[in-house]
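Written below as structure tokens is the structure these notes are about.
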Amino acid sequence: MKILKLILVALLLSQVTLACDNNKNATENNTDENEVYQNPVVPKSLPDPTIVKAEDGFFYLYATEDIRNTPIHKSKDLVNWEFVGTAFTNETRPDFEPDGGLWAPDINYIDGKYVLYYSMSVWGGEWTCGIGVATSDSPEGPFTDHGKLFRSNEIEVQNSIDPFYIEEDGKHYLFWGSFRGIYVIELTSDGLSLEPDAEKQQIAGTAYEGTYIHKKDGWYYMFASIGSCCEGVNSTYTTVVGRSENLFGPYKNKAGQNMMENHHEVIIHKNERFVGTGHNSEIVKDDAGSDWIFYHAVDKNNPQGRVLMLDEVQWQNGWPYVDGNSPSNVKKVPVFNE
């Protein structure tokens, strides 16, 4: 009798083990590593990203020059990125600010050319910094510099960096600013100079930099960054947003308070692993209709530089949000059909 019981127990245990193995295999088979990605998508320093989809079907991403002369990466799927070179060389790089760095580029496709706006500054040079523009027939460059559009002391806006280009009703505009107010001014139709007699207009308050405006369903959403970008694991950078029914504002938060008075909604803040979550790129829509946004952060697991992050932007009651209002670790990949 005891032997029979032992046999029955052994059979039962083997069936349980087999069932567990089958469940494990089923789980493993249903988890395709190619269907998810992990942040950071590029574990190298690529601050202040900007992105454009080029005529060749690739996405091209540009960033502040932790890699000298403005790094360029390309990708088909927003997840797997290949370094393809730099926008400038030591010989062709802009030079209107001696010893200045090339910061916070903004890439656009205007009238058959790739137009790259850039900031040029030395740290703390808030009255000598400025914004310039360069063009290329190819998203991989080489870019030809057309020089500065303006410097802070010329346009009388302190800390004139962080350009963003947008078209509206057949006109061309540049937004810019960093913690001294966000401003806008009209450009010529080729985007390469200021429209004659154009006057600047302040759009938002002194809490912001890294402006990006997204048009959706009759609203204009002003994304920006607040806090400190560049203090390593102590960085407080946070991505925020307000919205308006007019490109030139007023931009407000959900309570109707104005961004001119530094009111906004938080989109992405720090979590246990990532801090300094800010300076987002343009929003990219995938083939499934989902919206995706790049930004940079400091990874506390490897706090060297500001790494490239990707997250899905979702919408509720006319407002954008990211799950948990903080960076994801693992996420389903964007959908792009071949």
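The values are calculated or read from the model by the stated rules, or taken from the named source; none is laboratory data. None of these values were measured; they are calculated from a predicted model. Cβ placement follows ideal geometry from the backbone for every residue including glycine, while neighbour counts extend to all protein chains displayed. In case anyone asks, the SASA skips ligands and DNA or RNA and just uses the protein heavy atoms, side chains included. Shrake-Rupley method; radii C 1.70, N 1.55, O 1.52, S 1.80 Å.
Give me the pairs, please: first residue somewhere in segment 127-147 and in contact (Cβ under 8 Å) with a residue 24 or more places away in the chain and aromatic (Phe, Trp, Tyr), second residue anywhere and open to solvent by 20 Å² or more (accessible area, probe 1.4 Å) and in a loop (DSSP other than H, G, I, E, B), beta-carbon distance under 8 Å, and either six or more positions apart or on two chains.
What qualifies is Trp127/Gln158; Phe143/Thr92.
Among the residues of segment 145-168, write down those that are open to solvent by 60 Å² or more (accessible area, probe 1.4 Å) and either more than 11 Å from Thr128 (Cα to Cα) or of a type in the set (A, V, I, L, M) (or both).
Within segment 145-168, His146, Lys148, Glu167 qualify.
Could you check segment 259-270 and list, in sequence order, the residues that are over 15 Å from Asp323 (Cα atoms), in contact (Cβ under 8 Å) with a residue 24 or more places away in the chain and open to solvent by 30 Å² or more (accessible area, probe 1.4 Å)?
Across segment 259-270, the qualifying residues are Met260, Glu261, Asn262, His264.
Based on what the data block shows, is Thr239 surrounded by 23 or more Cβ atoms within 10 Å (Cβ to Cβ) and touching a Lys or Arg at 6+ places or on another chain (Cβ under 8 Å)?
In short, no.
Suppose we filter segment 259-270 for residues that are among the charged types (D, E, K, R) and part of a helix (DSSP H, G or I); how many remain?
1
Which of (1) within 23 Å of Cys129 (Cα to Cα); (2) surrounded by 14 or more Cβ atoms within 10 Å (Cβ to Cβ); (3) not β-branched (Val, Ile, Thr) is the odd one out, the single condition His214 does not satisfy?
(1)
Give the residues of segment 219-246 that are farther than 21 Å from Ile161 by Cβ and not small (Gly, Ala, Ser), sorted by residue number.
Trp219, Tyr220, Tyr221, Val233, Asn234, Arg243, Glu245, Asn246
Of these, Ser228, Ser189, Ser178, which one is surrounded by 23 or more Cβ atoms within 10 Å (Cβ to Cβ) and of a type outside the set (A, V, I, L, M, F, W, C)?
Just a single option satisfies the conditions, and that option is Ser178.
Residue-by-condition table, conditions (1) closer than 24 Å to Lys53 by Cβ; (2) acidic (Asp, Glu); (3) modelled with pLDDT of 95 or more:
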| site | (1), (2), (3) |
| --- | --- |
| Lys252 | no, no, yes |
| Gln257 | no, no, yes |
| His264 | no, no, yes |
| Ile268 | yes, no, yes |
| Glu272 | no, yes, yes |
| Val275 | no, no, yes |
| Gly278 | yes, no, yes |
| Ala288 | yes, no, yes |
| Trp292 | yes, no, yes |
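Here's a check for you: in segment 149-159, which residue that is hydrophobic (A, V, I, L, M, F, W, C) and not in a helix (DSSP H, G or I) is nearest to His279 (Cα to Cα)?
Val157
With the condition being crowded, with 16+ Cβ neighbours inside 10 Å and among the charged types (D, E, K, R), I'd like the strands (runs of 3 or more DSSP E) fully within segment 271-317 carrying at least 1 qualifying residues.
Counting at least 1 such residues, we get 291-299, 307-316.
Within the bounds of segment 241-258, is there any residue that is part of a loop (DSSP other than H, G, I, E, B) and within 23 Å of His73 (Cα to Cα)?
Checked against the condition, which is being part of a loop (DSSP other than H, G, I, E, B) and within 23 Å of His73 (Cα to Cα), segment 241-258 yields no hits at all.
Which residues, counting only those in segment 160-212, are of a type in the set (Ser, Thr, Tyr) and assigned to a strand (DSSP E or B)?
Tyr165, Tyr173, Ser178, Tyr183, Thr211, Tyr212
Criterion first (over 17 Å from Ala63 (Cα atoms) and either open to solvent by 10 Å² or more (accessible area, probe 1.4 Å) or β-branched (Val, Ile, Thr) (or both)) does Thr128 satisfy it?
yes
If you scan segment 85-125, which residues turn out to be exposed (fewer than 15 other Cβ atoms within 10 Å of the Cβ) and of a type in the set (A, V, I, L, M)?
Val122
Any residue that is without any contact (Cβ under 8 Å) to a residue 24 or more places away in the chain and closer than 24 Å to Ser328 by Cβ - is there at least one of those in segment 209-219?
No, there is no match, as no residue in segment 209-219 is without any contact (Cβ under 8 Å) to a residue 24 or more places away in the chain and closer than 24 Å to Ser328 by Cβ.
Identify, by number, the condition in (1) more than 15 Å from Glu65 (Cβ to Cβ); (2) within 23 Å of the chain's Cα centre (by Cα); (3) charged (D, E, K, R) that Asp111 doesn't meet.
Looking at each condition in turn, Asp111 falls short on (2).
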